[in-house]
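The values are calculated or read from the model by the stated rules, or taken from the named source; none is laboratory data. Quick caveat, the model's predicted, so the values are computed rather than measured. When we count neighbours, we look across all protein chains shown, and the Cβ atoms used for this are built from the backbone with ideal geometry, even at glycine. Heads up: the accessible areas ignore ligands, DNA and RNA and are worked out on the full protein's heavy atoms, side chains in. Shrake-Rupley method; radii C 1.70, N 1.55, O 1.52, S 1.80 Å.
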Amino acid sequence: MNRSLRLVSVLGTLALGAGCESPSSSDPVGTPIVNTPQFQDTEIPALTTRVSGFAWDPEAFFFSWATCGATACPITPVISEISPLFLRSVTQNAQVTLLDPLLGKPAVAPVPAAANGFWVSPIVPSRPSPAFLSLNAGGGSLPTTPPPGTPPTLPPIPVAGRYFPTVTLRPIATNHSMCVLQESLAVSDIGILDAVARFLTATGTATAVGDFVDPSKFHGVNVFWLYQPGFPMLRAPAVNTTLEASSGQVLNVAWQPPGSPNVPAGLQSPRGFVVQAGSPVSGLGIIVVLQPASSPKPPGIRFTVRDDTTDAAARRPWKFDPINAPAIPGVITFGGLQIRPSTFEPPNPYGPINGPHLCLP
């Protein structure tokens with residue numbers, strides 16, 4: 001403060017002295033002693049977020065785990081860059097972008113997934129809401145070379161003819177400088193949806209698998225896969241679960257080894273999936289909800305997870321908060337949900353495992 005007072009005193013003395021002196025012929029009249037600052041109205045650039053994640057095929061991942069022995073497999077079914085089960089299922093060269101639900105179209109240009117499935121979208125608009133959704137625009141293929149650590153007994157994964165454009169129902173709120181570990185899943189034409197098309201055809205509604213992305217035939221197709229509680233990257237199926245939908249036809253889906261004699265001829269997809277006709281639950285927590293174009297398009301759909309099993313040791317029934325999602329014609333929406341136990345573990349003293357820096361909901 002003393003320094004400021006001294007500066008004011010000096011400026012006052014200079015001004016007083018300037019008023020007492022005769023103006024010199026060399027000094028321009030009216031020249032200010034202190035320069036007036038000039039302000040420039042510069043527009044602040046729009047903030048952006050770097051979003052990254054991995055593109056993968058959940059059907060291929062499950063096929064590897066199931067043919068490895070499922071619960072007897074020595075490799076845990078987790079999403080990891082060192083897991084051969086995961087590396088066998090990445091969709092390299094898949095085109096990944098982000099869907100803006102506000103505009104109803106992609107927010108950025110698509111970027112390709114690398115050989116290990118990793119993708120980076122470097123410039124995404126920053127905002128807390130509405131959240132973006134990952135959109136796998138299709139394309140891409142599974143690796144042709146077995147990754148390190150692959151058991152030699154694993155059969156090759158049936159190769160998809162195509163991957164449908166797939167929206168992952170996992171909100172990405174880009175109010176952070178970086179959003180990492182975002183999943184971009186792809187649904188094939190020879191797996192879950194092929195089994196549904198076969199079932200519809202066998203029950204009187206001729207359906208080709210490509211019809212599911214034809215807006216003139218379906219307002220929307222939602223595929224859900226419910227996973228067991230546990231480590232955030234665990235992808236073990238939540239057996240004998242299902243969900244209810246406020247609109248549409250709900251079908252539970254199971255799996256048997258391809259060519260299984262237990263499945264009626266013509267109803268099993270090349271990857272082993274089959275609709276569980278008449279079953280109240282899915283043996284693997286796989287549920288497909290169809291919104292036919294012959295019915296009015298719902299403005300939104302409410303999905304509610306249901307677990308009818310009571311098992312105190314397994315902390316069942318498992319649960320999950322209801323989900324509200326739109327019917328989006330022309331694409332498949334995929335929700336991979338890791339449901340929660342009926343009782344919770346004590347809170348982590350070091351904070352949540354999935355911090356806000358990961359841009360998770």
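Data for the structure
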| read-out | value |
| --- | --- |
| Test for residue 309: is it at pLDDT below 95, assigned to a loop (DSSP other than H, G, I, E, B), loosely packed, with under 14 Cβ neighbours inside 10 Å and out of contact with any helix residue (DSSP H, G or I) (no Cβ under 7 Å at 6 or more places or on another chain) | no |
| Every pair of residues 6+ apart whose Cβ atoms lie under 7 Å, when the first sits in the range 210-232 and is under 23 Å from residue 243 (Cβ atoms) while the second is surrounded by fewer than 14 Cβ atoms within 10 Å (Cβ to Cβ) and among the hydrophobic types (A, V, I, L, M, F, W, C) | 232/353 |
| Extreme residue, modelled with the highest pLDDT, among residues of the range 158-189 that are open to solvent by less than 40 Å² (accessible area, probe 1.4 Å), small (Gly, Ala, Ser) and within 16 Å of residue 121 (Cα to Cα) | 184 |
| Within the range 318-361, considering residues that are open to solvent by 50 Å² or more (accessible area, probe 1.4 Å), in a loop (DSSP other than H, G, I, E, B) and at pLDDT 90 or above, the one nearest to residue 217 (Cα to Cα) | 329 |
| Sole residue being of a type in the set (Phe, Trp, Tyr), within 23 Å of residue 233 (Cβ to Cβ), over 16 Å from the mean Cα position of the chain (by Cα) and surrounded by 15 or more Cβ atoms within 10 Å (Cβ to Cβ), chosen from 65, 119 | 65 |
| The range 127-141, subset buried (at least 24 other Cβ atoms within 10 Å of the Cβ) and of a type in the set (S, T, N, Q), residue farthest from the chain's Cα centre (by Cα) | 136 |
| Number of the exception - residue 294 against (1) in contact (Cβ under 8 Å) with a residue 24 or more places away in the chain; (2) over 18 Å from the mean Cα position of the chain (by Cα) | (1) |
| Options 146, 155: the member that is surrounded by fewer than 16 Cβ atoms within 10 Å (Cβ to Cβ), touching a helix residue (DSSP H, G or I) at 6+ places or on another chain (Cβ under 7 Å) and either without any contact (Cβ under 8 Å) to a residue 60 or more places away in the chain or not in a strand (DSSP E or B) (or both) | 155 |
| Residue in the range 272-281 that is of a type in the set (Phe, Trp, Tyr) and within 22 Å of the chain's Cα centre (by Cα) present | no |
| Single match in 197, 173 (criterion: of a type outside the set (Ser, Thr, Tyr) and under 16 Å from the mean Cα position of the chain (by Cα)) | 173 |
| Inter-residue pairs, beta-carbon under 9 Å, first within 26 Å of residue 67 (Cα to Cα) and in the range 84-99, second charged (D, E, K, R) and open to solvent by 30 Å² or more (accessible area, probe 1.4 Å), 6+ apart | 87/81 |
| Conditions (1) assigned to a loop (DSSP other than H, G, I, E, B); (2) within 15 Å of residue 197 (Cα to Cα); (3) at pLDDT 95 or above: number failed by residue 290 | (1) |
| Scope the range 41-62; condition of a type outside the set (A, V, I, L, M) and exposed (fewer than 13 other Cβ atoms within 10 Å of the Cβ); matching residues | 41, 42, 43, 45 |
